[in-house]
1. Shape call for the chain from the C-alpha gyration tensor, a ≥ b ≥ c root eigenvalues: rounded (a/c under 1.5), prolate (a/b greater than b/c) or oblate?
2. Evaluate the relative contact order of segment 1-140 (contact order divided by residue number), counting alpha-carbon pairs under 8 angstrom at least 6 apart; express in whole percent.
3. Taking the Cα atoms of segment 67-162, report the difference between the largest and smallest coordinate on each principal axis, in whole Å and largest first.
4. Residue 147 to residue 76: FRET efficiency via 1/(1 + (r/R0)^6), r the Cβ-Cβ distance, R0 25 Å, to the nearest 0.05?
5. Report the label-to-label distance for residue 117 and residue 160 in nanometres (one decimal), using points 7 Å from each Cα along the Cα→Cβ vector.
6. Would you mind getting me the FRET efficiency between residue 139 and residue 38? Use the beta-carbon distance for r and R0 = 25 Å, nearest 0.05.
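Bear in mind these aren't lab numbers, they're just calculated from the coordinates by the rules spelled out. Everything numeric here is computed off the predicted structure, so don't read it as measured data. Ideal geometry is used to build each Cβ from the backbone, glycine not excepted, and the neighbour counts take in all protein chains shown.
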């Protein structure tokens, strides 16, 4: 796949997206089978329930292939707060700015829906340092670190990006 081939983005969820999400998330090497299944379940729930699922997606495509995606949604019982549930780029397409564009597009959509903050959580394991650096580089702040959350020695990092009333 040529780096010069332009990307396209879409928000509608297609039946084939479950398999694409599975492949993308698995390609990272970060997630276990259960976590990969959860990523696919969110796609399936969106297909079944539509917007009522509370899950919104943006897919990045190149040459007809999904090469990255993000999933976000409003947090129940929290006014203007959104979770960024997943953002992943196929391992073969990393370091090309696709994740950053997906993040920016999701922030734009969230702000347009009246969002005032985006919350993200990730692991504190060393292999997730690039993930934590990605959020810091994109102006997210560490709001909390929950010690031993996922397992002994595996902390949960909670990041937030707040939007001002005048934009991001």
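1. Numbers: a/c = 1.32, a/b = 1.13, b/c = 1.17.
Since a/c stays below 1.5, the shape of the chain is classed as rounded.
2. About 21 percent, as a whole number.
3. 38, 36, 19
4. On the way: r = 26 Å, r/R0 = 1.04.
Here the calculated transfer efficiency is 0.45.
5. So the label points at residue 117 and residue 160 sit 0.2 nm apart.
6. On the way: r = 27 Å, r/R0 = 1.09.
For residue 139 and residue 38, the calculated efficiency is 0.40.
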